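**Student:** Following this message is one structure expressed as structure tokens.
No value in this document is a laboratory result; all are computed from the given coordinates. Please read all numbers here as calculations on a predicted model, not as lab measurements.
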Amino acid sequence: MDIVFIKNCKVLAKHGYYKEEHAKAQNFIVSVYAKIDTKEAGGSDDLKKTLNYEHIRKYIYEVLEQSPRSLVEALASEIADKVLKHDVVSVEVEIEKPDVWGDCIPGVRITRRK
């Protein structure tokens, strides 16, 4: 199985458990890895035979630009649901919040299967 991915997509958004996180935008770094068979696409050179990573990027922005959510887990699940509508076996979504603390980067990584 192969992987189509977007790595380290940086989005400025207002999400978080605390009210102040809804008032001031912070950086989110999102990576999405979709497991898919790309053999047919590779043999035919036909974009319609694979998952266009432009779709993944669009989903990241659609989800992060919406009204504030409390948990990055909810954001990651919504992105995963959108990717799973394509012909993929599974998807892994990672969301990091690098602005929270200076000594580490919190976040979440989820895996969803069809």
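**Student:** Please find, in a Gaussian network model of the chain (springs between Cα atoms separated by less than 10 Å), the residue of I79, I56, I29 whose mean-square fluctuation is greatest.
**Tutor:** For the chain, modelled as a Gaussian network with Cα springs under 10 Å, the answer is I29.
**Student:** So, one more: Determine by what factor the alpha-carbon radius of gyration of the chain differs from 2.2 N^0.38 Å, reporting the quotient. Kindly include the intermediate steps, with their values, before the conclusion.
**Tutor:** Working: Rg = 15.1 Å, N = 114, 2.2 N^0.38 = 13.3 Å.
It is 1.13.
**Student:** For each pair in K10/K114; K82/K114; K7/K48; K7/K114; K58/K82; K49/K85, compute the distance between the two Cα atoms and list the pairs where it is over 19 Å.
**Tutor:** Those over the limit are K10/K114; K7/K48; K7/K114.
**Student:** Post the alpha-carbon centroid distance, region 1-38 to region 39-114, in whole angstrom.
**Tutor:** 7 Å
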